[in-house]
1. Taking the Cβ of residue 102 as the center, what net charge do the other residues with Cβ under 9 Å away carry, scoring Lys and Arg +1 and Asp and Glu -1?
2. Which translational diffusion coefficient, to the nearest whole µm²/s, is obtained for the range 113-209 from the Stokes-Einstein equation, given a Kirkwood hydrodynamic radius over C-alpha pairs, 25 °C and 0.890 mPa s?
3. What net charge do the residues around residue 162 carry, taking every other residue with its C-beta under 14 Å from that of residue 162, with Lys and Arg at +1 and Asp and Glu at -1?
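Bear in mind that the values in this text are calculations on the coordinates, not laboratory data. Predicted model, so just to flag it, every value in this text is computed and none were measured. Glycine also receives a Cβ, built like all others from the backbone with ideal geometry; neighbour counts cover every protein chain displayed.
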Amino acid sequence: MKTKCSLFIVLMILLASCGCVDTREVVGDDGMQNGTTEGPPINDYFTPTSGATGGTEMPVDLSQLEIRGGPDFSPNVTLISSILRNDTRTGLLIENGWNITSITEKNDENDRAGGSAAVEFQKDGLSFYIGVDEQEGRTAGGYCDAEIWIAEPVSGSRPEGYHQAKDKMEGWWHVFDDRNERVVMIYNSTTLFYLSPSYSIIDTEGILD
């Protein structure tokens with residue numbers, strides 16, 4: 001009798017364990033279950049197209065990626081990461097220690113990045129955004145979030161920390177780190193021309209002084 005009871009208890013434990021499997025069911029607005037879904041990939045791999053590391057695959061952890069937007073905003077993280085792979089800016093930023101931290105919904109037509117979402121890269125308290133158009137499968141514009149500063153009569157005193165100013169001749173943006181007295185990057189909407197500490201596709205002689 002004791003043996004039969006023991007077997008029964010073991011079977012009940014096994015059945016209870018099976019019921020604890022998390023299928024991550026999605027519940028729709030109508031309260032009905034709509035199947036299962038997968039969260040952001042814990043480890044995705046970017047192959048930088050910049051050539052700065054010879055095309056070495058670099059692991060990018062997207063498990064802590066923050067999604068910012070309205071209740072209907074559900075970006076396809078796998079698709080977006082795939083689109084970003086083909087943008088040289090992605091490879092350059094990752095190779096130089098920038099981390100992907102968030103994907104933000106884009107509603108402002110005048111936003112500098114464009115696209116349907118903006119992917120945030122962050123390093124040392126500074127952010128650079130690359131727009132992504134999921135429907136067209138391409139990246140769009142890019143911009144830094146450093147405060148824009150022109151000159152004291154116009155913009156007031158120079159900001160502490162980071163600021164950026166536009167070169168009137170080339171139309172490029174120069175991002176400055178005043179605390180460390182250095183130029184962080186030089187870019188326009190589609191290209192990174194210089195990225196601290198060593199990447200450059202332009203003659204920087206005199207520019208970084």
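1. Within the 9 Å Cβ shell, the charges total -1.
2. 172
3. So the surrounding residues net to -3.
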